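**Q** Have a look at this one before I ask anything.
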Amino acid sequence: MNNLNITPEYKEWLGTLKSKIRSVQLKAALAVNSAVIEFYWDLGRMISEKDAVWGSRFLESLSKDLKKEFPDIQGFSVTNLKYCRLFYQYVSISPQTGDEIKSSAKNEIYQHISQIPWGHIKLLIGKVKDQDAALFYIHETIENGWSRDVLALQIKSNLYSRQGKAITNFKVTLPEPQSDLAQQTIKDPYSFDFLTLTKPYNERDIENQLISHITKFLLELGKGFAFVGRQYHLEVGESDYYLDLLFYHIKLKCYVVVELKNTKFIPEYAGKLNFYLSAVDSLLKSETDNPTIGILLCRDKNKIETEFALRDINKPMGVSEFTLTETLPENLKGSLPTIEEIESDFENLEQEGE
């Protein structure tokens with residue numbers, strides 16, 4: 001309707017809402033985020049109930065009235081009111097039936113989501129539709145203290161689908177619950193999109209860039225990894241060996257050897273990594289450390305072949321793929337057509353066909 005301000009029902013409803021806001025202002029002094037998030041959910045519920053009654057101009061009138069009454073409070077723009085409505089629907093309304101849900105999964109989202117900032121919640125509403133994925137990102141944000149930008153990056157890289165998906169032998173080489181924790185620690189694939197390499201390049205080139213972007217590299221590896229060294233030297237017998245990358249995992253309380261292979265996985269890689277893990281366990285591991293874990297990062301792998309290769313390995317290891325951004329060599333860039341040239345060729349072909 002066109003003039004909501006003179007509608008008695010609207011005035012009564014607005015008065016109730018104003019009282020709620022004043023109450024929230026008092027609560028917010030003790031618990032700013034949780035009180036505001038609870039209010040936004042309640043506001044979203046109230047808006048959802050009146051949407052069909054008062055029509056498309058409802059939110060515009062409500063925004064104007066609330067800004068006039070509470071000029072010092074942020075969050076009453078039309079856009080934010082829409083997010084409040086979406087927030088309520090996100091955690092409380094079934095997309096299949098349109099009914100309010102009382103299930104434990106939805107309640108769990110509501111219980112935990114108030115622990116993250118409103119900006120993070122808006123990002124989840126817009127980007128993550130699956131409730132299990134939403135719970136995963138909420139828990140990870142709380143545990144790791146992710147900023148909004150980091151959360152956006154993890155959603156974009158589809159961390160939920162990659163976490164714990166590596167092929168490993170942890171179930172038979174590590175005791176519980178360490179085996180489960182180790183499994184969840186390793187992703188597949190790892191996304192090294194912050195690297196840009198020009199072919200041809202080898203493992204050492206990838207190592208160099210990973211270390212030069214160590215902050216982003218550690219973020220992609222996940223919480224708990226502490227960098228020890230690259231090309232880490234070990235002397236076994238009278239021979240010298242060099243580990244590509246060596247880490248210590250604080251939660252797992254163990255060393256982690258990462259070997260990079262810019263090729264498809266072959267079984268021989270598992271045997272060599274098994275040797276490295278034995279060497280680290282003998283030369284570096286203390287009595288209080290758990291068994292060393294190995295991660296083989298390859299460009300590609302065959303699932304059955306990889307599972308066979310790990311079956312009789314007695315040291316804990318996992319195999320994952322990794323992706324990165326490849327750029328064209330400078331001497332090829334000028335010889336390839338641009339997007340504009342390709343479009344022009346298509347237009348010429350269409351004109352010739354007419």
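The values are calculated or read from the model by the stated rules, or taken from the named source; none is laboratory data. None of these values were measured; they are calculated from a predicted model. Glycine gets a Cβ as well: all are built from the backbone with ideal geometry, and neighbour counts include every protein chain shown.
**Q** Name every residue in segment 151-163 that is closer than 18 Å to Thr185 by Cα and surrounded by fewer than 15 Cβ atoms within 10 Å (Cβ to Cβ), in order of residue number.
**A** Those that are closer than 18 Å to Thr185 by Cα and surrounded by fewer than 15 Cβ atoms within 10 Å (Cβ to Cβ): Asn158, Ser161.
**Q** For segment 181-228, give me each residue that is closer than 14 Å to Phe322 by Cα and part of a strand (DSSP E or B).
**A** Lys187, Tyr190, Ser191, Phe192, Asp193, Phe194, Leu195, Thr196, Leu197
**Q** I've got another one for you. Can you say whether Lys223 is at pLDDT below 95 and within 16 Å of Ile186 (Cα to Cα), as far as the supplied structure shows? Full working, then the answer.
**A** On the way: at pLDDT below 95: yes; within 16 Å of Ile186 (Cα to Cα): yes.
Taking the combined requirement at face value, the residue satisfies it.
**Q** Would segment 194-209 turn up any residue that is among the charged types (D, E, K, R), under 26 Å from Ser147 (Cβ atoms), in the same structural domain as Leu310 (by TED's automatic domain parsing) and in contact (Cβ under 8 Å) with a residue 40 or more places away in the chain?
**A** Scanning segment 194-209, I find no residue that is among the charged types (D, E, K, R), under 26 Å from Ser147 (Cβ atoms), in the same structural domain as Leu310 (by TED's automatic domain parsing) and in contact (Cβ under 8 Å) with a residue 40 or more places away in the chain, so the answer is no.
**Q** So, one more: So Ala166 ticks every box in (1) touching a strand residue (DSSP E or B) at 6+ places or on another chain (Cβ under 7 Å); (2) surrounded by fewer than 18 Cβ atoms within 10 Å (Cβ to Cβ) but one. Which box is left unticked?
**A** Going through the list (1) touching a strand residue (DSSP E or B) at 6+ places or on another chain (Cβ under 7 Å); (2) surrounded by fewer than 18 Cβ atoms within 10 Å (Cβ to Cβ), Ala166 breaks only (2).
**Q** Being in contact (Cβ under 8 Å) with a residue 40 or more places away in the chain and hydrophobic (A, V, I, L, M, F, W, C) narrows it down to one of Ile125, Ile142, Ile155, Ile138, so name that one.
**A** That would be Ile125, the only listed residue that is in contact (Cβ under 8 Å) with a residue 40 or more places away in the chain and hydrophobic (A, V, I, L, M, F, W, C).
**Q** Here is a follow-up. Mind listing whichever residues of segment 245-265 are over 26 Å from Leu153 (Cα atoms) and surrounded by fewer than 21 Cβ atoms within 10 Å (Cβ to Cβ)?
**A** Lys253, Thr263, Lys264
**Q** Okay, moving on. Return yes when Trp41 is at pLDDT below 85 and either outside the structural domain of Pro117 (by TED's automatic domain parsing) or not hydroxyl-bearing (Ser, Thr, Tyr) (or both) and no when it is not.
**A** So Trp41 does not fit the description; no.
**Q** Please state which one of Val280, Val228 is in the same structural domain as Ile211 (by TED's automatic domain parsing), among the β-branched types (Val, Ile, Thr), surrounded by 13 or more Cβ atoms within 10 Å (Cβ to Cβ) and under 21 Å from Gln183 (Cβ atoms).
**A** Every option except Val280 fails the conditions.
**Q** For segment 133-169, how many residues are closer than 30 Å to Ala309 by Cα, assigned to a loop (DSSP other than H, G, I, E, B) and over 8 Å from the mean Cα position of the chain (by Cα)?
**A** Of the residues in segment 133-169, the ones closer than 30 Å to Ala309 by Cα are 157-169.
Narrowing further to those that are assigned to a loop (DSSP other than H, G, I, E, B): 157-158, 164-166, 169.
Next, only the ones that are over 8 Å from the mean Cα position of the chain (by Cα) stay: 164-166, 169.
Final tally of qualifying residues: 4.
**Q** For residues in segment 204-242 being acidic (Asp, Glu) and within 26 Å of the chain's Cα centre (by Cα), which is farthest from Cys254 (Cα to Cα)?
**A** Glu207
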